[in-house]
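*Asks:* Encoded as structure tokens, here's the structure I'll be asking about.
The values are calculated or read from the model by the stated rules, or taken from the named source; none is laboratory data. No experiment lies behind these values; they were computed from the predicted model shown. As a convention, Cβ positions derive from the backbone with ideal geometry for all residues, glycine included, and neighbour counts pool all protein chains shown.
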Amino acid sequence: MDITKSLETTLIIMHHKLKRGIAVTRNYDPDLPKIMAYGSELNQVWTNLIDNAADAMGEMASCAFVRLGETISFSSRSPTMVPAFLPK
């Protein structure tokens, strides 16, 4: 299974949740290997992560960052976040 493609598919499906002014910046490792996984279950994980992140950012968010490599991270540059937790 291609993790990047799986995440991209979920981002398309969740577009309605992200159109509130949240711009998604993607940073995918181009050398990610394919994995053995159930696609529908992995898409549910992405959906929950994206849904929760969008809710946490609220309507004040301007940008969401998705990094997919050895680890997966979602972060935000939002006026509602404490500056110490913003990406450098």
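*Asks:* For the condition at pLDDT below 85 and touching a strand residue (DSSP E or B) at 6+ places or on another chain (Cβ under 8 Å), what is the one hit in Leu18, Leu7, Leu11?
*Replies:* Leu18
*Asks:* Okay, next question. Looking at Ile35 and the list (1) surrounded by 13 or more Cβ atoms within 10 Å (Cβ to Cβ); (2) in contact (Cβ under 8 Å) with a residue 12 or more places away in the chain; (3) of a type outside the set (Phe, Trp, Tyr), which single condition is not satisfied?
*Replies:* Condition (1) is where Ile35 drops out.
*Asks:* Go through (1) loosely packed, with under 13 Cβ neighbours inside 10 Å; (2) at pLDDT 80 or above one by one and return the number of the condition Ala54 breaks.
*Replies:* (1)
*Asks:* Another question, if that's okay. How many residues are in contact with a strand residue (DSSP E or B) (Cβ under 7 Å, 6 or more places away or on another chain) and not in a loop (DSSP other than H, G, I, E, B) if we restrict to the stretch 21-40?
*Replies:* 6
*Asks:* Right, another one. So which residues in the stretch 1-21 are over 16 Å from Arg67 (Cβ atoms) and of a type in the set (A, V, I, L, M), if there are any at all?
*Replies:* Selection gives Met1, Ile12, Ile13, Met14, Leu18.
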